[in-house]
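Q: Okay, here's the structure, questions in a sec.
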Amino acid sequence: MQTQGPGAALSLTQRLLAVPDEPSASGGVCASRLGQLSWAWFEGARNPHVLLITIYIFAPYFYSQLVGDPVRGQSLWGDLNSAAGLFIALMAPILGAVADAGGRRKPWILAFSILLGTTAALLWLALPGEAGLSLAAICVLLVTTIIAFDFTSVFHNAMLPTLVPDRQVGRLSGLALALGNLSGVILFVFMLWCFVLPGVVDWPFIPAAPLFGVDKAAFEPERMVGPLFAIWFAVFGLPLFLFTPDQPRVALGPLTAARRGVASLVRTLRSLKDYRNVGKYLFVRMLYNDGCNAVLIFGGGYAATTFGWNTLDLLVYGVVLSVFATLGGVFGGWIDQRFGSQRGLLIAVGGTMVGLVLSLSMRPDTILFFIHHDPASPPVHGLPFFESLPELLYVAVVILIAIFITASYANSRTMMARIAPVPKMAEFFGLYALSGTATAFLAPFIVARFTEWSGSNAVGLSSILLLLGAGFVGLLFVKAERAAPVS
């Protein structure tokens, strides 16, 4: 046994460091298995920012405590995301073009990663009543951290087709998103065990009081998500810089690279008529991606207001959805390999639409729109969350939504990596980022207008189906074929 151990370890090391014989999807040399996993782990390090700050923990705290008015808070949250989205829409394509001209991606990722971690950590100072930072300063931090997050995505996404053969692009993309959601689960469970459940339940494996002297009355668990994410990001984002190969550096000065990059971007925008399939996909993706984002942005708030959920409910909700969203990344890779990129996206977007309709059919007094439920009925179990049957059914349906939305994100990136012209990969991923943010205001605007018109949160949320439906139909006219570079 002792003689086999070192050999087995050496064999594992060799497998991790071995480079596939096949060319990468972009035509170059693939990364080793370790390099590929490190790329995927970077997404696992980064994506908890969305789960902890944008959706489940800090956003509701921002609405109810920092602003003090849930309605005004949600409106301001939408304005902040719109401001960040506008800046990203203007700058992401330019940065992508500069990266293509200069070659390397990792220096850009490092710079925006430092900005992302720093601004997230400073959210610890976001106390109610402006006892720490002013509300204006908190808003600036939030806009900056959102921008930094998306800019890391531009350059991280652009590395994907340079790392693996074409047939494995979908699998690696899905693995990265799965690791992102798995990371969220780990951090959610850590927060529940250490800070939220102590003092609420008397389970033997739960501490009697919050650990490390955390004060719930001072909203320290909610404020802690920023620095907690920053630490996680620093630790698990590091392997990308150590083990994932970058593109060769082009011998250009920064100003020359910027001029050439911007000129190339202008040419690309003008030549989209020659990349009609890619342009069509970017427009269609803009519609359904905006719809998927809106489901996430408004879904937690809708559930909290509809069922009266508190922080404990939302944390458990985040854990449950993140677990199944992890499977969604794997599911996305499977349907991409089994059915192809276009059909995989149709399955993911169509499944999201069906799930949204079913989720809106669940209310405290109604199941599936027509089945009456008595809200005064005894709890269906003894746990301190999701105590009614409609709540449990709602969570079950939203689990399906989480799986399909994650699959749509994974397969969208895979589709772009397969149809964009190879020499302009980062530049087109800049346009890809633009298509994900150019209409970031549209879904919130539509939801707000339908809500005002109908006086119903459910009707307002159902308006997202307009964007998802338009995207679904548009996907029928997109081809999953590589665009040849136009001279």
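The values are calculated or read from the model by the stated rules, or taken from the named source; none is laboratory data. None of the values given here were measured: they were computed from a predicted structure. So basically every Cβ, Gly included, is an ideal-geometry build from the backbone, and we count neighbours across all protein chains shown.
Q: Tell me, please, whether a residue that is over 17 Å from Ala470 (Cβ atoms), touching an Asp or Glu at 6+ places or on another chain (Cβ under 8 Å) and either loosely packed, with under 15 Cβ neighbours inside 10 Å or modelled with pLDDT under 80 (or both) can be found in region 307-329.
A: Yes, some residue in region 307-329 is over 17 Å from Ala470 (Cβ atoms), touching an Asp or Glu at 6+ places or on another chain (Cβ under 8 Å) and either loosely packed, with under 15 Cβ neighbours inside 10 Å or modelled with pLDDT under 80 (or both).
Q: Same structure again: Looking at region 63-70, can you tell me whether even one residue there is on the phi < 0 side of the Ramachandran plot, buried (at least 19 other Cβ atoms within 10 Å of the Cβ) and modelled with pLDDT under 80?
A: Yes - at least one qualifying residue is present in region 63-70.
Q: Would you point out which residue out of Glu481, Glu452 is at pLDDT below 85, more than 30 Å from Trp203 (Cα to Cα) and in a helix (DSSP H, G or I)?
A: On the way: Glu481 fails: in a helix (DSSP H, G or I).
Unique residue meeting the criteria: Glu452.
Q: Tell me the residue from Ile206, Ile138, Ile186, Ile147 that is within 17 Å of the chain's Cα centre (by Cα), over 24 Å from Met416 (Cβ atoms) and hydrophobic (A, V, I, L, M, F, W, C), please. Walk me through how you get there before you give the answer.
A: On the way: Ile206 fails: within 17 Å of the chain's Cα centre (by Cα); Ile138 fails: within 17 Å of the chain's Cα centre (by Cα); Ile147 fails: over 24 Å from Met416 (Cβ atoms).
Step by step, each of Ile206, Ile138, Ile186, Ile147 is checked, and only Ile186 is within 17 Å of the chain's Cα centre (by Cα), over 24 Å from Met416 (Cβ atoms) and hydrophobic (A, V, I, L, M, F, W, C).
Q: While we're on this one: Any idea how many residues of region 129-161 are surrounded by 17 or more Cβ atoms within 10 Å (Cβ to Cβ) and assigned to a helix (DSSP H, G or I)?
A: Residues meeting the conditions: 23.
Q: From the list Val189, Val164, exactly one residue is of a type outside the set (Ser, Thr, Tyr) and outside any helix (DSSP H, G or I). Which is it?
A: Val164 is the lone residue from the list that is of a type outside the set (Ser, Thr, Tyr) and outside any helix (DSSP H, G or I).
Q: Separate question: Where residues in region 191-203 are over 24 Å from Leu66 (Cα atoms) and modelled with pLDDT of 80 or more, which of them is nearest to the chain's Cα centre (by Cα)?
A: Only one residue tops the list, namely Trp193.
Q: For Leu116, indicate whether it is within 25 Å of Pro245 (Cβ to Cβ), surrounded by 23 or more Cβ atoms within 10 Å (Cβ to Cβ), at pLDDT 85 or above and more than 20 Å from the chain's Cα centre (by Cα).
A: So Leu116 fails the test.
Q: If you scan region 381-415, which residues turn out to be of a type in the set (A, V, I, L, M), modelled with pLDDT under 85 and assigned to a helix (DSSP H, G or I)?
A: Going residue by residue through region 381-415, those that are of a type in the set (A, V, I, L, M) are 383, 389, 392-393, 395-403, 405, 407, 410, 415.
Those still in the list that are modelled with pLDDT under 85 too: 383, 410.
Correct list: Ala410 only.
Q: For region 23-46, give me each residue that is of a type in the set (A, V, I, L, M) and either in a helix (DSSP H, G or I) or on the phi > 0 side of the Ramachandran plot (or both).
A: Those that are of a type in the set (A, V, I, L, M) and either in a helix (DSSP H, G or I) or on the phi > 0 side of the Ramachandran plot (or both): Leu34, Leu37, Ala40, Ala45.
Q: Determine if region 285-293 includes at least one residue that is touching a Ser or Thr at 6+ places or on another chain (Cβ under 9 Å), modelled with pLDDT of 80 or more and hydroxyl-bearing (Ser, Thr, Tyr).
A: Yes, there is a match, as at least one residue in region 285-293 is touching a Ser or Thr at 6+ places or on another chain (Cβ under 9 Å), modelled with pLDDT of 80 or more and hydroxyl-bearing (Ser, Thr, Tyr).
Q: Next question. So, in region 190-213, how many residues would count as being surrounded by fewer than 17 Cβ atoms within 10 Å (Cβ to Cβ) and on the phi < 0 side of the Ramachandran plot?
A: Final tally of qualifying residues: 13.
Q: Shifting gears a bit: Kindly indicate whether Leu392 is under 30 Å from Ala176 (Cα atoms), of a type in the set (A, V, I, L, M, F, W, C) and surrounded by fewer than 17 Cβ atoms within 10 Å (Cβ to Cβ).
A: Yes.
Q: Of the conditions (1) touching a helix residue (DSSP H, G or I) at 6+ places or on another chain (Cβ under 7 Å); (2) within 26 Å of Ser408 (Cα to Cα); (3) at pLDDT 80 or above, Ala230 satisfies every one except a single condition; which number is it?
A: Failing condition for Ala230: (2).
Q: So Leu163 passes all but one of these: (1) within 22 Å of Gly35 (Cβ to Cβ); (2) at pLDDT below 85. Which condition number does it fail?
A: Only one criterion is unmet by Leu163, namely (2).
Q: Go through region 78-113 and give me each residue that's surrounded by 17 or more Cβ atoms within 10 Å (Cβ to Cβ), modelled with pLDDT of 90 or more and among the small types (Gly, Ala, Ser).
A: The answer is Ser113, and nothing else.
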